[in-house]
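Peer 1: Submitted below is the structure of interest, expressed as structure tokens.
The values are calculated or read from the model by the stated rules, or taken from the named source; none is laboratory data. The structure presented is a predicted model; accordingly, all values stated were derived computationally and were not measured. Because the Cβ atoms are built from the backbone with ideal geometry, glycine has one as well, and the counts that use them run over all protein chains shown.
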Amino acid sequence: MIKGRVWKFGDDISTDLIAPGRYFHLRNDLVKLAEHVLEDAMEDFAKKVQKGDIIVAGKNFGLGSSREHAPRIIKLAGVSCVIARSFARIFYRNAINIGLPLVVLEEVNEIEQGDELSIDLENGTVENITRGRIYKFEPIPDFMMKILREDGITNYIKKYGDFPEVAD
Amino acid sequence: MGKTMTEKIFSEHIGKDVKAGEIIVSRVDVAMVQDGTGPLTIKEFYNMGFKDVKVEKALLFIDHASPSPRKELSNSQNLMREFSKNTSAYLHDVGEGICHQILVEKYVKPGDVVVGADSHTCTSGALGAFATGMGSTDVAIAFGLGKIWFRVPETIKIIVNGQLNDGVYPKDIILEIMRIIKSDGATYKALEFAGDCIEKMSQDDRFTLCNMAVEAGAKTGMIPADEITKEFLESNNRGKDFRKIYSDPDASYETVLEIDASKLEPLVSMPHQVDNVKTISELEKENIKINQVFIGTCTNGRFNDLEVALRILEKNGKNPDVRLIISPASKDVFQKALKEGIIEKFVELGAVVIPPGCGPCVGIHQGVLGDGERVLSTQNRNFKGRMGNPEAEIFLASPATAAATAVTGKITDPRRFL
């Protein structure tokens, strides 16, 4: 179960907004890069975000570059889950690969900045504790859930050496 | 039911019939990283316990910060040089050009599966390959295992018929597609370009279309490998790599979009999103002053792009208030442009010619904008902050529109200079 307070963002949050190119030189120092996470979308986000907090955004979150640094610094900043109406493909894959849970939810507009949420990834529910509402979402596919349970694909490969549940 | 190009390529690779929607593990023929993503790939590669690469063509490119403007980047680039010495991965170092251009010149064959830790890896799809961008760790697995998992995508077919009018280019076609299907209109899908306009289009121009497939959220952009592909490979001394790849006539498409090329006019993508597209006639009225024009990148930094731009600039001169930056996409393009006298003419016109590479597109160096400044670029992206300054504005257009704009200092219709 994931519990946390909401930070609300709009549509089309690009990886350039999440991990700006002008900090390219910090890519080998993710802790420092995380000090700038999303700063072009919300000033001081990195300073204000608390461990366990949840990002809620509109459509097409994470569009643009393939930089895996983007989900990595969101996770490093303490964010426990990103909920969006939709995700860009590479970002979705990268986030699962580094152990950052994602939820696709249609009703993001009913969630406000500062709301308290409780998320059950296995059963596919988001509870808005502040507003007393429960939403259902399509659970993350089994194969990706397995990667998440290992906290990312690096551990998954270390453990299984391959992709045992997918036929070659 | 017949197969799409994607289904054919994956069926061949795993040795049984696959359909869109299936999750598969496929062998990859080419896997690559660049200096923005490669150092993390190398770290995760060793983290997972791999010792050598298992892909026939495992490639590293130093093109993003090239040559390096900072010591931190110099140090991480050295990790890549070291990796190429300790494994059978091959490194293309500074000065050789942009990964996607070198991939199509030297490596990718029709029918290949290509993965790259760069979102514009889809460019190679114009050779009839399945080429897609992934993250650093995915490519580390591809390096280490020689295979990676895929969800076989559904395909959206885009039929482009008719002839482009003078002053209108393939960049305008892809901007029109962005205007219609938007930045998430093809998420998780493959785009396949077809129609008589595409059949006649040069290979270089085809790369421009496939390059920007990811801007619509697509996993890849593809064009059947045909006689034009064959000629391109032959001109790069790779004629033997050619084979025909195409979708079956009864293949199943998720949707089909038709575009009449003869009805298009030059288009411009406005800040801060690629799908925010306006026509040049709307924009000319607004008198939008431009401080910098950049002609280059994996989208539009090929020889024909430089040629088109020079033709306009040569006759009309460059506005003294515009900084004009030119970057050939690869060393081969650079050398051809040198031999043909194109580079000399650009320098005479007052342009700054920078080495083959990503240049200012990624916001690191070689043309970062000041607060409140505007750039018109031939690149593929204009997100806020993309070119290094969130207080600047980025407009995207064809090399011809870029050149016309460099002549007048404001966004200008290239058809004025035909």
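Peer 1: Just checking, which of A:ILE90, A:ILE140 is touching a Gly at 6+ places or on another chain (Cβ under 8 Å) and either part of a helix (DSSP H, G or I) or more than 11 Å from every other protein chain (Cβ to nearest Cβ) (or both)? Before the answer, list the steps.
Peer 2: On the way: A:ILE140 fails: touching a Gly at 6+ places or on another chain (Cβ under 8 Å).
So the residue among A:ILE90, A:ILE140 that is touching a Gly at 6+ places or on another chain (Cβ under 8 Å) and either part of a helix (DSSP H, G or I) or more than 11 Å from every other protein chain (Cβ to nearest Cβ) (or both) is A:ILE90.
Peer 1: Sticking with this one: Of the numbered conditions (1) within 10 Å of chain B (Cβ to nearest Cβ); (2) hydrophobic (A, V, I, L, M, F, W, C); (3) within 12 Å of the chain's Cα centre (by Cα), A:ILE73 fails exactly one; give the number of that condition.
Peer 2: In the conditions (1) within 10 Å of chain B (Cβ to nearest Cβ); (2) hydrophobic (A, V, I, L, M, F, W, C); (3) within 12 Å of the chain's Cα centre (by Cα), A:ILE73 misses (1) alone.
Peer 1: In addition: Go through the range A:44-70 and report how many residues are aliphatic (A, V, I, L, M), within 12 Å of A:PHE9 (Cβ to Cβ) and either within 14 Å of chain B (Cβ to nearest Cβ) or without any contact (Cβ under 8 Å) to a residue 40 or more places away in the chain (or both).
Peer 2: Looking only at that region, the number is 1.
Peer 1: Further question on the same structure: Can you give me the number of residues within the range A:1-23 that are modelled with pLDDT under 95, among the hydrophobic types (A, V, I, L, M, F, W, C) and not in a loop (DSSP other than H, G, I, E, B)?
Peer 2: 0
Peer 1: So, in the range B:396-414, of the ones that are surrounded by fewer than 24 Cβ atoms within 10 Å (Cβ to Cβ) and part of a loop (DSSP other than H, G, I, E, B), which residue ends up nearest to the other protein chains (Cβ to nearest Cβ)? Give the derivation first.
Peer 2: Of the residues in the range B:396-414, the ones surrounded by fewer than 24 Cβ atoms within 10 Å (Cβ to Cβ) are B:407-410, B:413.
Still in the running and part of a loop (DSSP other than H, G, I, E, B): B:409, B:413.
On the way: B:GLY409: 26, B:ASP413: 29 Å.
In this case the residue turns out to be B:GLY409.
Peer 1: Can you find a residue in the range B:384-395 that is under 25 Å from B:GLY36 (Cα atoms), in contact with a helix residue (DSSP H, G or I) (Cβ under 9 Å, 6 or more places away or on another chain) and away from every other protein chain (no Cβ under 14 Å)?
Peer 2: Here is the first cut: in the range B:384-395, the ones under 25 Å from B:GLY36 (Cα atoms) are B:384-395.
Those still in the list that are in contact with a helix residue (DSSP H, G or I) (Cβ under 9 Å, 6 or more places away or on another chain) too: B:384-390, B:395.
Adding the requirement that they be away from every other protein chain (no Cβ under 14 Å) leaves B:395.
Yes - at least one qualifying residue is present in the range B:384-395.
Peer 1: Buried (at least 20 other Cβ atoms within 10 Å of the Cβ) and small (Gly, Ala, Ser), is that true of B:GLY239? Step through it out loud before you land on a result.
Peer 2: Details: buried (at least 20 other Cβ atoms within 10 Å of the Cβ): no; small (Gly, Ala, Ser): yes.
No, not satisfied.
Peer 1: Could you grab me the full set of residues in the range B:82-128 that are within 14 Å of chain A (Cβ to nearest Cβ) and under 12 Å from B:ALA31 (Cβ atoms)?
Peer 2: B:CYS99, B:VAL113, B:VAL114, B:VAL115, B:GLY116, B:ALA117, B:ASP118, B:THR121
Peer 1: Restricting to the range A:133-162, give me the number of residues that are surrounded by 15 or more Cβ atoms within 10 Å (Cβ to Cβ) and either over 23 Å from the mean Cα position of the chain (by Cα) or of a type in the set (Lys, Arg) (or both).
Peer 2: Matching residues across the range A:133-162 total 1.
Peer 1: Sort through A:VAL79, A:VAL108, A:VAL126 and tell me the only one that's part of a helix (DSSP H, G or I), more than 11 Å from chain B (Cβ to nearest Cβ) and of a type in the set (Val, Ile, Thr). So that I can check it myself, show each step before the final result.
Peer 2: Details: A:VAL79 fails: part of a helix (DSSP H, G or I); A:VAL126 fails: part of a helix (DSSP H, G or I).
Exactly one of A:VAL79, A:VAL108, A:VAL126 is part of a helix (DSSP H, G or I), more than 11 Å from chain B (Cβ to nearest Cβ) and of a type in the set (Val, Ile, Thr), namely A:VAL108.
Peer 1: Check off (1) closer than 26 Å to B:GLY116 by Cβ; (2) under 15 Å from the mean Cα position of the chain (by Cα); (3) assigned to a loop (DSSP other than H, G, I, E, B) for A:ILE96 and give me the number that stays unchecked.
Peer 2: Here A:ILE96 meets the rest and fails (3).
Peer 1: So, one more: Tell me, which strands (runs of 3 or more DSSP E) lie completely within the range B:189-280 with 2 or more residues that are farther than 29 Å from B:GLY135 by Cα? Give the derivation first.
Peer 2: Values: elements: B:190-194, B:220-222, B:255-260, B:267-269, B:277-279.
Counting at least 2 such residues, we get B:255-260, B:267-269, B:277-279.
Peer 1: Taking the options A:ALA41, A:ALA34, name whichever one is surrounded by fewer than 24 Cβ atoms within 10 Å (Cβ to Cβ), modelled with pLDDT of 95 or more and facing chain B (nearest Cβ under 9 Å).
Peer 2: One residue alone meets the criteria, A:ALA41.
Peer 1: In the set B:ASP172, B:ASP226, which member is crowded, with 22+ Cβ neighbours inside 10 Å and assigned by TED's automatic domain parsing to the domain that holds B:VAL115?
Peer 2: Checking each option against the conditions leaves just B:ASP172.
Peer 1: Sticking with this structure for a sec: Give me the residue from the range B:58-81 that is assigned to a helix (DSSP H, G or I) and more than 22 Å from B:VAL115 (Cα to Cα) and, out of that set, farthest from the other protein chains (Cβ to nearest Cβ). Before the answer, list the steps.
Peer 2: Pass one, the range B:58-81, residues assigned to a helix (DSSP H, G or I): B:71-81.
Retained after the next criterion (residues that are more than 22 Å from B:VAL115 (Cα to Cα)): B:71-75, B:78.
Values: B:LYS71: 8, B:GLU72: 4, B:LEU73: 5, B:SER74: 10, B:ASN75: 7, B:ASN78: 11 Å.
The residue in question is B:ASN78.
Peer 1: Taking B:LYS285 as the residue in question, decide whether it is in contact (Cβ under 8 Å) with a residue 12 or more places away in the chain and over 27 Å from B:GLY388 (Cβ atoms). Walk me through it before giving the result.
Peer 2: Numbers: in contact (Cβ under 8 Å) with a residue 12 or more places away in the chain: no; over 27 Å from B:GLY388 (Cβ atoms): yes.
Criteria not met by B:LYS285.
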